[in-house]
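Enquirer: Take this structure, written in structure tokens, and hold onto it; I'll ask about it next.
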Amino acid sequence: MAYLNSLEEANQIIPSVLDEIKTEIAPLLNKGKVANYIPELGKVDPMKFGMAVRLLDGTTYQIGDSQTNFSVQSISKVFSLTKAFGVLKDDLWKRVGKEPSGNPFNSLIQLENENGKPRNPFINAGAIVVADVICSHYDEPLNTILDFIRELANNKQLKMNIGVLQSEKKFGNRNAALAHFMKSYDNIESDVNEVLDCYFGHCSMEMNCVDLATAFLFLSNHGVHPISGKKYLSASQAKRLNALLLTCGTYDSAGEFAFKVGMPGKSGVGGGIVAIIPGLLSVSVWSPGLDKHGNSLAGTKALELFTTKTAVSIF
Ligand code: GLU
């Protein structure tokens, strides 16, 4: 087995590793369950699989359906968090915690026990508080986030899927409950409907694996996007955001994900996962079938195979 020790070795190693992964995950593609609690998401073909790797020097490796758009869902919480962290700095943590929740991503129980302060920014309640921060600081909060995502991904064409957006709004009663509940604890400043429009809007964004890997590159480069040279977070903030991804980024199986994969990453119920290796690369994968925690089943396996076969991980 040839391990990847530096960017220079990537050309020899990554293309064949991606080929092997595609073959090895094939039996898993129909094993997961496509999310259908947002009915529009349930229409996706479960056999889709794509993967993209972007190195800090801009090189891209990709395989399968890496250029097919899909619903990024919770992955978009990383982008809204980046914006809100940039705005509020460490005051953000007065409104939202930094601990794994150990509960389902849309749980109400913990929120009551902890007086309306969400455990972390990646459970729905936390991301709704983050959306509220954006609403308090920008005249056009949703457009601000969408444009920010387009900038990070270097793709002006990115759009929301309006069918998914409508489906989210129609079936988003639990998220509305979370938002109203936090408003009763004064942890939501803006009008609840405005905050939910922003939250549902960024979750319904569609991107492909290459877009997502590109958009996460700044997190593998101390907060500076290596392609544009633009600084989005300080090195210290990027370190902290990556720590949150490792401990809270993959629902309540972040421990299992860290154990198997060894990279900070964020998943979404659309079946996407994006992960990074600081100083080296970002990698994204898409396969719509989910495991019981809400992470892409074949996608998690693909990332595990990637770090096993290349021996790059944060550990
Ligand atoms: N918009 C989705 C929700 O609020 C996000 C779910 C996810 O990907 O975790 O339920």
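Enquirer: So which helices (runs of 4 or more DSSP H) are wholly in region 103-196 and hold at least 1 residues that are touching a residue at least 40 places away in the same chain (Cβ under 8 Å) and over 30 Å from LYS43 (Cα atoms)?
Expert: Of the helices (runs of 4 or more DSSP H) lying wholly inside region 103-196, those with at least 1 residues that are touching a residue at least 40 places away in the same chain (Cβ under 8 Å) and over 30 Å from LYS43 (Cα atoms) span 109-113, 124-137, 173-184.
Enquirer: Okay, moving on. Which residue is modelled with the lowest pLDDT, if the candidates are limited to region 98-134 and must be farther than 22 Å from ILE273 by Cα and buried (at least 24 other Cβ atoms within 10 Å of the Cβ)?
Expert: The residue in question is LEU111.
Enquirer: Please pick out the residue among VAL261, VAL285, VAL195 that is touching a Cys at 6+ places or on another chain (Cβ under 7 Å), of a type outside the set (S, T, N, Q) and farther than 18 Å from THR59 by Cβ.
Expert: After ruling out the rest, the residue left standing is VAL195.
Enquirer: Also: Considering only region 186-205, how many residues are acidic (Asp, Glu) and within 10 Å of LEU165 (Cα to Cα)?
Expert: Counting residues in region 186-205 that are acidic (Asp, Glu) and within 10 Å of LEU165 (Cα to Cα) gives 1.
Enquirer: What residue, of LEU165, LEU158, LEU142, LEU152, is open to solvent by 30 Å² or more (accessible area, probe 1.4 Å) and aliphatic (A, V, I, L, M)?
Expert: Testing whether each residue is open to solvent by 30 Å² or more (accessible area, probe 1.4 Å) and aliphatic (A, V, I, L, M) leaves just LEU142.
Enquirer: Considering only residues that are closer than 23 Å to THR82 by Cβ, within 15 Å of the ligand (Cβ to nearest atom) and of a type outside the set (Ser, Thr, Tyr), which ones fall in region 173-203?
Expert: ASN175, LEU178, ALA179, MET182, VAL195, LEU196, ASP197, CYS198, PHE200, GLY201, HIS202, CYS203
Enquirer: Here is a check on your reading of the model: is GLY229 over 17 Å from the mean Cα position of the chain (by Cα), closer than 19 Å to ILE13 by Cα and small (Gly, Ala, Ser)?
Expert: no
Enquirer: Moving on to the next point. Return the residues of region 71-95 that are surrounded by fewer than 24 Cβ atoms within 10 Å (Cβ to Cβ) and not in a helix (DSSP H, G or I); say none if nothing qualifies.
Expert: ARG95
Enquirer: In the list PRO264, PRO226, PRO278, which residue meets the criterion of being away from the ligand (no atom under 16 Å from the Cβ) and under 20 Å from ALA84 (Cβ atoms)?
Expert: Result of the check over PRO264, PRO226, PRO278: PRO264.
Enquirer: Any residue at all in region 76-85 that's under 25 Å from ALA177 (Cβ atoms), of a type in the set (D, E, K, R) and within 16 Å of the ligand (Cβ to nearest atom)?
Expert: Within region 76-85, one or more residues are under 25 Å from ALA177 (Cβ atoms), of a type in the set (D, E, K, R) and within 16 Å of the ligand (Cβ to nearest atom).
Here's the yes/no breakdown for (1) away from the ligand (no atom under 16 Å from the Cβ); (2) open to solvent by 20 Å² or more (accessible area, probe 1.4 Å); (3) of a type in the set (A, V, I, L, M, F, W, C); (4) under 14 Å from ASN208 (Cβ atoms):
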| position | (1), (2), (3), (4) |
| --- | --- |
| ILE21 | yes, no, yes, no |
| PRO27 | yes, yes, no, no |
| LYS31 | yes, yes, no, no |
| VAL34 | no, yes, yes, no |
| TYR37 | no, yes, no, no |
| THR59 | yes, yes, no, no |
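Enquirer: Okay, next question. Restricting region 39-57 to residues that are open to solvent by less than 50 Å² (accessible area, probe 1.4 Å) and within 16 Å of the ligand (Cβ to nearest atom), which is nearest to MET160 (Cα to Cα)?
Expert: Among them, the one singled out is LEU41.
The values are calculated or read from the model by the stated rules, or taken from the named source; none is laboratory data. Being a predicted model, the structure only gives us computed values, none of them experimental. Neighbour counts run over all protein chains shown; Cβ positions are idealised from the backbone, glycine included. Quick note on the areas: whole protein, heavy atoms, side chains included, nothing else; ligands and nucleic acids left out. Shrake-Rupley method; radii C 1.70, N 1.55, O 1.52, S 1.80 Å.
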